[in-house]
Amino acid sequence: MSSNDMLYGNRTSGGAHGDVFTAPEVVRFMLDEAGYTSESNLKDVSILEPSCGEGEFVIEIAKRLLLSAVSFDFDAEAAFRRNVHAYDIDADKVEVCRTKLRKLGYKAVENIQVADFLKATPEKADIVVGNPPYIRYENIPEDILEHCKRKFATFHYRSDLYVPFFEKSLSLLKEGGRHCFICSNRWLKNEYGKKLRAYIAYSYQLQLIINMEGANAFQEEVLAYPAITLISAEVPKGTFQYAEIDDVRNLNTLATVHKNMPSGADWTETFLTNTSYSALYPIEEQGFKIGIGVATGADAIFISDKLPDEVENKLIIPAISGRDLRGDQLDWQKKYLLNPYNDDGTLIDLDKYPRAKQYLEGHREKLSARHIAKRTPSRWYRTIDRVMPVLQTEPKILLPDMSGNTFVFVDEGKYYPLHNIYYITGRPIKELKVLAALLMSDFVRSQLASVTNKMNGGFARWQSQHLRKLRLPDIQSMSENDLQSLLDGYSRRDTYTINSAVEKILATPIKRPLRKIYSTSEPTLQFAY
């Protein structure tokens, strides 16, 4: 059993978490981009690999160093010992790497070390290159988790282990040095990558991002959704290059576009397609409200089709979940939500509801064991989120978190959304249907694909953090003809009509009227032309 097996456990495919080995053509490309080429004089170029595994990068580095030594007449063995450093926690893999190096003729290979890079003290390097381990937050051992929380400012929210690998290895770059990682692209868009994005935007220069969703960049098939990033240790400014590929063979004929260097933690604009339309607004600035359905902390107790037979009818609400919205069909499974709250938000007095009291008392042990109940034992039968019955009767768009649906459902006021559904409300039913039509359009779906990470099956996620990044035509400024076209397309579930209407709206120059800007953080209203 390897050290990675013991530390992080095994993936369902059989390999250890953290063990994903890079394809040779990707290794060669990354070293080229980082400037470590055999045509250059590598005698004094220091290079660091933070998680070397069996040596995919280190062996290619060693080969290039040998060729450079022949061309520039220096001692490759001495340069290797002085300038090439690598780490891995897995002693077995390090020994495999060392054996490969010995076969190339290198005798002193102790600079390939068995150590935890995050706790080691390497010297600064001209180049950092590699493929850091991918370890989800819940699989990180407690001692490493605590170390990351103490030592790394970018270790934020439910961060993957590769995030502190980024931070530490970037901090080890010499001035003007280059950093090239292939890694999951999640950090580029997700909440847990927020502080790493800000750290890079404020302190480093992005040179290149290659988004490789769909490309198999590794020596086995894994759902890693990788990206290559090239970052230099210099004052951030100007632009960087961006490309998307679905086959590693396209690295040899890479077509890039220039993107503006991001200035903070939000890199949304980096991944959005440019448009000439001048009146695009976030959803919430148009008066809509985005929310997520209720979390109970005990769904099997608070949500059931048997509740009408168990508790008072006054306490139950028809509830809808993502399972009810599949295959572009709304098929309500007749599940109900038990609401333990009064209209003013206080918990009900169970003595006033004897059937509910008997039902909840029957589940008291399980309900009391929840973390939220332990905090306030007297409120042992509360849900995690407060239930607001008025939400049921409001018209709202329903968006399952992960869905292959092409149709966007609008509930006219029948159901209460559960925690795997995001909802949009706050405007009249007509405007909600227009917004639903826009969300079905290719224009918006391409934005969503750009600002979210694809999940298994290729589905983007309808999450509030992503919905807030979308930019849409201003519904208040649309002509009646445009509104009607979108409504007609929505009622017929006709995406062709919707896309045609959106293309027309985007192509039509308009004089933006004085309009209300709805703020989500301030109670007052702002106005803008």
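Quick notes on this one:
- Helix axis angle, 480-491 relative to the chain longest principal axis, alpha carbon, degrees: 90
- Near Arg326, the amide H atoms lying under 5 Å from its own belong to Asp331; only residues 5 or more places off or on other chains count, and H is placed 1.01 Å from N.
- Across region 53-152, the fraction of Cα-Cα pairs farther apart than 23 Å, rounded to a whole number, is 33%.
- Beta-bridge orientation, region 289-425: approximately 85 percent antiparallel, per DSSP, counting only bridges with both partners inside.
- J(HN,Hα) series, region 429-438, from Karplus relation 6.51 cos²θ - 1.76 cosθ + 1.60, nearest Hz, glycine and proline x: 4, 4, 5, 5, 5, 5, 5, 4, 4, 4
- For the chain, relative contact order (Cα pairs under 8 Å, six or more residues apart, normalised by length) works out to 11 percent.
- The mean sequence separation of alpha-carbon pairs under 8 Å and at least six residues apart, normalised by the residue count of region 3-271, gives a relative contact order of 18 percent.
- Seen against the Cα atoms of the chain and their longest principal axis, helix 91-104 is set at about 40 degrees.
- Near the amide H of Thr239, within less than 5 Å, lie the amide hydrogens of Met261, all on another chain or at least 5 residues away, with H placed in the peptide plane.
- Total lysine pairs whose alpha carbons fall under 13 Å of each other in region 289-425 (8 or more apart, or interchain): 8
- 5 angstrom amide H check on Ser46, placed H, neighbours 5+ away: Asp126, Ile127
- Whole-Hz Karplus values for region 52-63 come out as 7, x, 8, x, 4, 7, 4, 5, 5, 4, 4, 5 Hz, taken residue by residue from phi with 6.51 cos²θ - 1.76 cosθ + 1.60 and θ = phi - 60°; glycine and proline positions read x.
- Potential extension, Ala91-Lys366 segment - 0.36 nm per residue separation minus Cα distance: 94.6 nm
- FRET efficiency, 1/(1 + (r/R0)^6) with R0 56 Å, evaluated for Asp32 and Glu503 via beta carbons: 0.85
- For region 289-425, taking the reciprocal of the average inverse distance between every pair of different Cα atoms yields a Kirkwood hydrodynamic radius of 15.5 Å.
- Point-to-point label distance, Arg136-Phe74, nm (Cα→Cβ direction, 7 Å offset): 4.5
- Region 109-116 - phi-based ³J(HN,Hα) in whole Hz, Karplus 6.51/-1.76/1.60, Gly and Pro as x: 10, 5, 6, 8, 9, 8, 6, 7
- Cut-off 20 Å (backbone N to label point 7 Å along Cα→Cβ of Ala300), residues of region 381-416: 381-385
- By the count of neighbouring beta-carbon atoms within 10 Å, fewest first, Ile59, Ile429 end up ordered Ile429, Ile59.
- DSSP-defined beta bridges in the chain - what % are antiparallel, rounded to 5: 70
- Here the residues His258, His179, His419, ranked from fewest to most Cβ neighbours within 10 Å of their Cβ, fall in the order His258, His419, His179.
- Calculated FRET efficiency for the pair Lys352/Lys237, C-beta based, R₀ 60 Å, to 0.05: 0.35
- With helices as the sole contributors, the chain gives -9000 deg cm²/dmol at 222 nm; each DSSP H run of n ≥ 4 counts as -39500 (n - 2.57), and the sum is divided by every residue.
- Ordered by the number of other Cβ atoms lying within 10 Å of each residue's own Cβ, fewest first, Ser159, Ser169, Ser304 fall into the sequence Ser304, Ser169, Ser159.
Since every read-out is calculated from the coordinates, none of them should be taken as a lab result. Quantities reported herein were computed from a predicted structural model and do not represent experimental measurements. All Cβ positions, glycine included, derive from the backbone under ideal geometry; neighbour counts span all protein chains shown.
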